[in-house]
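Chemist: Dumping the structure here so I can ask a few things about it.
The values are calculated or read from the model by the stated rules, or taken from the named source; none is laboratory data. Quick caveat: nothing in here was measured; it's all calculated off a predicted structure. Positions of Cβ are generated from backbone atoms using ideal geometry, with glycine treated the same way; all protein chains shown enter the neighbour counts.
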Amino acid sequence: MKISELINEIVGVYQKHGWQLRRVLLHPKSQAELENGMSSLGAVAPQEAEIDALWFSRPSHEKREAWELRLVAENPYALFETFEADEFEEEREDVRREMEARMREYSNKKVLSTEC
């Protein structure tokens, strides 16, 4: 499946369940493949990254905010975190960077296991 089709499918499923696309992380090769019309990204500009992943958020229980980092792959894999309403943005961003590092680690292990 083309990366554009996969992203459109993932975004559609998440939006159906009330998630909002917040950030798009794309490997430069993937970004080049997407230059022909990615309407589902809306106003979210892709950021260059070592992995292809999508950040989504939505309100959660007790005034918390849920964030999910979804790997762009046919087999679903995501990392999830909730943040307190009074949590500083710097603290949230630290956690999101940590999640991205864990996702890169997972993705790299997956690539290495398929190359063997």
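Chemist: If I go through the range 42-57 residue by residue, how many of them are under 15 Å from residue 79 (Cβ atoms) and part of a strand (DSSP E or B)?
Modeler: Of the residues in the range 42-57, 5 are under 15 Å from residue 79 (Cβ atoms) and part of a strand (DSSP E or B).
Chemist: Can you name every residue in the range 58-92 that is touching a helix residue (DSSP H, G or I) at 6+ places or on another chain (Cβ under 7 Å), surrounded by 15 or more Cβ atoms within 10 Å (Cβ to Cβ) and part of a loop (DSSP other than H, G, I, E, B)?
Modeler: Residue satisfying the conditions is 72 alone.
Chemist: Which ones in the range 11-33 are surrounded by fewer than 18 Cβ atoms within 10 Å (Cβ to Cβ), closer than 18 Å to residue 73 by Cβ and aliphatic (A, V, I, L, M)?
Modeler: Scanning the range 11-33 gives a single hit, 13.
Let's see how each residue does on (1) free of Cβ contacts under 8 Å to residues at least 12 places away in the same chain; (2) polar (S, T, N, Q); (3) touching a Phe, Trp or Tyr at 6+ places or on another chain (Cβ under 9 Å):
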| site | (1), (2), (3) |
| --- | --- |
| 5 | yes, no, no |
| 11 | no, no, yes |
| 32 | yes, no, no |
| 41 | no, no, no |
| 74 | no, no, no |
| 77 | no, no, yes |
| 86 | yes, no, no |
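Chemist: Moving on. If I filter the range 56-65 for residues that are within 15 Å of residue 13 (Cβ to Cβ), touching a Leu at 6+ places or on another chain (Cβ under 8 Å) and modelled with pLDDT of 95 or more, do I get at least one hit?
Modeler: The answer is yes, given that some residue of the range 56-65 is within 15 Å of residue 13 (Cβ to Cβ), touching a Leu at 6+ places or on another chain (Cβ under 8 Å) and modelled with pLDDT of 95 or more.
Chemist: Pick from 18, 37: which is at pLDDT 95 or above and part of a loop (DSSP other than H, G, I, E, B)? Quick ask: steps written out before the conclusion?
Modeler: Details: 37 fails: at pLDDT 95 or above.
From the options 18, 37, the qualifying one is 18.
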